[in-house]
1. For the range A:1-110, please list each of the helices (runs of 4 or more DSSP H) lying entirely inside it that holds at least 2 residues being modelled with pLDDT of 90 or more.
2. Look at A:Leu253 and say whether it is under 30 Å from A:Ser66 (Cβ atoms) and more than 14 Å from chain B (Cβ to nearest Cβ).
3. Among the residues of the range A:80-114, which ones are in contact (Cβ under 8 Å) with a residue 60 or more places away in the chain and among the β-branched types (Val, Ile, Thr)?
4. Kindly indicate whether any position in the range A:285-306 is within 12 Å of chain B (Cβ to nearest Cβ) and either in contact with a strand residue (DSSP E or B) (Cβ under 6 Å, 6 or more places away or on another chain) or surrounded by fewer than 20 Cβ atoms within 10 Å (Cβ to Cβ) (or both).
5. Determine whether B:Val137 is more than 9 Å from chain A (Cβ to nearest Cβ) and within 28 Å of B:Ser199 (Cα to Cα).
6. Looking only at the range A:265-284, which residues are surrounded by 19 or more Cβ atoms within 10 Å (Cβ to Cβ) and within 30 Å of A:Phe157 (Cα to Cα)?
7. B:Gln230 is checked against (1) within 21 Å of B:Ser64 (Cα to Cα); (2) touching a residue at least 24 places away in the same chain (Cβ under 8 Å); (3) not small (Gly, Ala, Ser) and fails just one. What number does that condition carry?
8. Would you check which residues across the range B:117-131 are more than 9 Å from chain A (Cβ to nearest Cβ) and surrounded by fewer than 20 Cβ atoms within 10 Å (Cβ to Cβ) and list them?
Amino acid sequence: MKTTEQLEAKLKRRSKAAKLEIWGRLVSLTALMLIVAVVVAIIGFVASKGIATFTSNHVSLWDFLSGKSWNPGVNGANGKPEVGALPMIVGSFLITILSAIVATPFAIGTAVFMNEISPNKGAKILQPVTELLVGIPSVVYGFIGLSVVVPTTRAIFGGSGFGILSGTCVLFVMILPTVTSMSADALRAVPRYYREASLALGATQWQTIYKVVLRAATPGLMTAVVFGMARAFGEALAVQMVIGNAALMPNSLVSPSSTLTSVLTTGIGNTVMGSLQNNALWSLALVLLFMSLVFNLIIRLIGRKGRLQ
Amino acid sequence: MFVNNDVKNAMAMEERHVIKLSDPDHPVILSTEDLHVYYGKKEALFEGDLEFASNQISALIGPSGSGKSTYLRSLNRMNDRIATVTGKIMYRGVDINQPSIDVYEMRRRVGMVFQRPNPFAKSIYDNIAFALRLRGVTGKHKLDEIVETSLKQAALWDQVKDDLNKSALALSGGQAQRLCIARAIAIKPDILLLDEPASALDPVSTGQLEDTLLSLKEHYTIIIVTHNMQQAARISEYTAFFNQGRVLEYDTTSHIFTNPSVQVTSDYVSGNFG
């Protein structure tokens with residue numbers, strides 16, 4: 001009887017391990033709460049500032065999204081401030097989509113080579129090279145863009161050389177490693193037995209890659225591309241250096257234009273907090289934030305769809 | 001008495017016992033000569049030369065790591081990128097282990113089914129039509145017909161005929177494995193290699209799979225690697241016993257299981273090791 005009680009007491013006593021457990025949970029919970037708080041604070045701050053354009057400066061949302069002239073300090077012909085963000089929105093989307101279109105075939109091709117055709121060389125040469133590309137600071141990309149891409153564009157197409165085309169070229173190289181390494185991960189996740197099944201049926205290696213591996217990896221590849229687009233959409237410095245920074249509707253790929261980010265980086269230091277000029281920039285930031293949430297949402301949706309298959 | 005028997009046994013037992021086939025009804029369709037398989041520097045198979053009779057089931061048995069799967073996978077060159085395979089693999093008089101052989105064309109004749117059921121994430125229909133479409137068979141009527149006969153031969157038709165457009169991933173393990181067999185025979189191979197096809201299946205599915213294999217014997221030559229000795233005894237005509245990279249004994253299945261010539265075989269089939 002005594003021993004039973006002893007045993008019970010012993011089992012019910014909080015052991016050192018149990019205390020450590022609680023402590024561990026507490027630490028990770030705190031970390032989590034902190035991150036959630038930071039994210040909420042950022043969204044709250046950007047939103048409150050960004051909305052001020054519409055609430056305290058009485059700019060209509062529609063004018064902001066569809067107006068074609070951006071000149072926050074000046075009132076237009078209709079007496080309202082000129083805060084049309086459409087040129088920047090168009091510029092951002094155009095440059096994002098174009099660079100994704102150019103980068104995707106290269107990225108998937110490289111990933112296929114790394115993973116399917118020559119895994120040895122892929123692991124020894126291509127993997128480190130891709131990782132190196134990720135590590136290069138964006139100002140270096142921008143500088144190379146400024147001193148190589150812009151003059152080349154100028155020589156071929158005339159004009160100043162600044163514009164969407166130069167931006168696309170720079171962004172293409174910048175998002176390539178992201179898309180490549182994520183595509184390679186997606187291909188690596190395709191089980192080996194899929195390939196074996198296909199080869200054993202007499203399919204050639206190319207047929208296996210094309211009909212089996214790429215098909216099975218499609219959700220992962222799409223995620224990779226959207227990630228690349230999210231990166232392109234948010235990239236500021238390098239784009240700002242080569243796009244020309246003219247808040248005009250891009251009428252060709254080689255005319256100076258601007259993106260949401262480039263206007264933000266050039267403008268934010270030159271405005272006074274609380275002024276319309278400043279608030280309008282915050283509104284652009286809000287659009288950026290909203291778009292990155294949309295990109296995240298798309299990635300999640302693709303991931304879920306991939307799992308359901 | 002006791003000692004005498006042991007001595008007699010030991011004398012009767014040879015070190016190796018590999019027969020040559022001479023059945024005119026079932027001529028040799030596939031054989032290997034001086035086959036060696038190396039993984040890097042390690043030699044995984046060195047004395048494994050066998051002959052296989054057409055339209056019969058041959059079983060390869062042996063403990064794990066004995067080289068039987070390595071041997072099987074070498075037969076249709078699935079080991080090409082993993083291992084170095086030297087020696088001759090004679091298929092109907094042609095050495096298919098030459099570099100000049102088109103392995104894709106060869107694998108159409110020597111099909112393979114794997115240990116783990118591995119249907120593609122496609123519909124049942126598309127799984128079977130996969131290899132046909134690669135070979136340019138596109139006519140709907142023709143495809144329908146082959147899908148139906150393949151599924152019937154694999155004894156799966158009655159269970160899935162209304163669900164041909166459903167995902168193959170929804171099938172049970174036994175059904176999925178029979179789908180893989182249907183997929184392999186859709187391109188009408190000569191020889192079907194099976195690498196422990198029932199090891200992931202429950203006993204009922206295993207029984208159905210064995211029935212399927214027995215009925216397929218009429219059209220195909222079947223070579224099966226199995227861990228399950230009863231399975232080898234139930235379905236095969238010939239059995240090869242692999243141990244440590246060598247074939248120690250190859251003979252008719254009844255000989256291997258009732259009166260093996262090699263002591264190690266006897267130990268293995270009576271469950272003393274492995």
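The values are calculated or read from the model by the stated rules, or taken from the named source; none is laboratory data. Computed from a prediction, not measured in an experiment: that's the story for all the values here. Note that each Cβ is placed from the backbone with ideal geometry, even for glycine, and that neighbours are counted across all protein chains shown.
1. Filter on the range A:1-110 gives A:16-55.
2. yes
3. Scanning the range A:80-114 gives A:Val83, A:Ile89, A:Val90, A:Ile95, A:Thr96, A:Ile97, A:Val102, A:Thr104, A:Ile108, A:Thr110, A:Val112.
4. Yes, that holds for at least one residue.
5. No: the conditions fail for B:Val137.
6. A:Gly267
7. (2)
8. Scanning the range B:117-131 gives B:Ser123, B:Tyr125, B:Asp126.
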